[in-house]
1. Look at Glu110 and say whether it is touching a residue at least 40 places away in the same chain (Cβ under 8 Å) and charged (D, E, K, R).
2. So, in region 72-89, how many residues would count as being more than 17 Å from Cys155 (Cα to Cα) and open to solvent by less than 100 Å² (accessible area, probe 1.4 Å)?
3. Within region 100-117, track down each residue that is surrounded by 12 or more Cβ atoms within 10 Å (Cβ to Cβ) and assigned to a loop (DSSP other than H, G, I, E, B).
4. Within region 214-229, is there a residue that is of a type outside the set (Lys, Arg), over 29 Å from Asp34 (Cβ atoms) and surrounded by fewer than 11 Cβ atoms within 10 Å (Cβ to Cβ)?
5. Residues to consider are Ser174, Ser163; find the one that is modelled with pLDDT under 85, more than 19 Å from Thr39 (Cβ to Cβ), open to solvent by 70 Å² or more (accessible area, probe 1.4 Å) and not basic (Lys, Arg).
6. Is it the case that Ala263 is open to solvent by less than 70 Å² (accessible area, probe 1.4 Å), of a type in the set (A, V, I, L, M), over 27 Å from Arg35 (Cβ atoms) and within 42 Å of the chain's Cα centre (by Cα)?
7. Picking from Asp197, Asp290, Asp251, Asp208, which residue would you name as being assigned to a helix (DSSP H, G or I), of a type outside the set (A, V, I, L, M, F, W, C) and modelled with pLDDT of 85 or more?
8. In region 240-253, is there at least one residue being β-branched (Val, Ile, Thr) and farther than 11 Å from His202 by Cβ?
Amino acid sequence: MGSKNILIAFALLFSCFSIWAREITDTLESSKRDRVFVTYDIVQNDGKITIEFLNARTILGRTNRNNYKKLNEVKVLFFDRIGNHEDTEFSGINTEAFMTPSGVKYKRSEDGFFLLNDKQKISMELKSNENIELSIPVFIAHYEGKHRYKVFSRCEDLKINLSKKKAVRVQDVSTQQLTTQTITSQEEVDGTLSESDEAKIHIKIIYDLLDEQDGEEFTSELQQAISRLRVIEHSTSDQNLSSRINAVLDDCKVREKELKANANAAAEAAAKEAELQAKKAQEEAQARQDSIAAAAQQKAEKDRKQNLWLIIGGVVLAILAFVGNQIFQHFRNVKNQKSIMDMQQNVVKRAEDEAKRRARNMAHSQMNRVQGEVSRKTRSAVNDGISKISKKGKGNKGITI
């Protein structure tokens, strides 16, 4: 920067009432190989410092990556007090709040925690001109729903240097706005990081991210680290460092080819698996259709047999009804015949009785007639005898009867 720009920067610095700002990105790592990239902005105005957290990106290690596959439900947070978080509930590992350093005035929040995935800010007031380090324990949690979080990992502390005496970097004087400078390590914040040290840090980050990389496309963090390493390779005059960087970039290319090959193999395996699944689904569908057809055939056979048995049962019932009717007719005919015979016997008996009665009457009449005839003849004979005697008596005058 020329002398003119330096004068403009100082003029702007004093015209803004000693306001300065810088954007920093720190990488935090947990014991389970989880990585958190925290981007925050530090703004100072006359001893009052505001730390605004802009973003937090998470790369989970293999263990937690298998347990928590939805990164949109993974949250990065820290606490300024423990307990009594109103409607929010935390479970999992124990948490702790950051300690307010001496020489700093800080008013604790109402919620007691800050989610770094959303924009958050904390404000502090410095009481001394000494360098003060703020150490913030950072945690990774999974959002379980209904204001419940399960804290499953703790990262290394986020260390922020606070000081009233800091420089400001101005890039656009015409708009009178302060732009931010992205810093990837605490050494770069302090301005003591050399090209070699910065390259080593990026090389470590690249290899760590390559170990964690499992997709075909490199993550944005890995691409940023590679781009920064290329910038260093173009600007450095150290041949050894340049060779080392080229070797790392070659490793990145090899790893990229491996990832693409793995992705292609995985795609082919997925295609074969999909084909197998489709074939299996087709076979299962065919089996279901065959089963349905067999069931329909069995049902039709069962219905046919049932109808046949119904027909047979109907025929048997008809035969039984006919036989029963015939038997009933037979018994009825027998009964009728018996009734007729009884009637005939009654008629015969009545005829016999009538004949006997008539015979008796005729015998009685004949006997009466005979008796009457005998009586008549007897009377006639007697009368004739008397008449004769009378006639004789007349002839004998003294004879009487």
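The values are calculated or read from the model by the stated rules, or taken from the named source; none is laboratory data. Model, not experiment: these values are computed from the prediction. Backbone-built Cβ (ideal geometry, glycine too); neighbour counts: all protein chains shown. To get the accessible areas, we keep the full protein, side chains included, count just its heavy atoms, and leave off ligands, DNA and RNA. Shrake-Rupley method; radii C 1.70, N 1.55, O 1.52, S 1.80 Å.
1. Details: touching a residue at least 40 places away in the same chain (Cβ under 8 Å): no; charged (D, E, K, R): yes.
It is false that Glu110 is touching a residue at least 40 places away in the same chain (Cβ under 8 Å) and charged (D, E, K, R).
2. The number of residues fulfilling the criteria is 6.
3. Hits for region 100-117 are Thr100, Pro101, Gly103, Tyr106, Arg108, Ser109, Asp111, Gly112, Leu116, Asn117.
4. Initial filter on region 214-229 (of a type outside the set (Lys, Arg)): 214-227, 229.
Checking which are over 29 Å from Asp34 (Cβ atoms) leaves us with none.
So far as region 214-229 goes, no, none of its residues is of a type outside the set (Lys, Arg), over 29 Å from Asp34 (Cβ atoms) and surrounded by fewer than 11 Cβ atoms within 10 Å (Cβ to Cβ).
5. Values: Ser163 fails: open to solvent by 70 Å² or more (accessible area, probe 1.4 Å).
Going through Ser174, Ser163 in turn, the sole match is Ser174.
6. Criteria not met by Ala263.
7. On the way: Asp197 fails: modelled with pLDDT of 85 or more; Asp251 fails: modelled with pLDDT of 85 or more; Asp208 fails: modelled with pLDDT of 85 or more.
None of the others qualify; the one that does is Asp290.
8. Going through region 240-253, the residues β-branched (Val, Ile, Thr) turn out to be 245, 248.
Still in the list and also farther than 11 Å from His202 by Cβ: none.
No: region 240-253 contains no residue that is β-branched (Val, Ile, Thr) and farther than 11 Å from His202 by Cβ.
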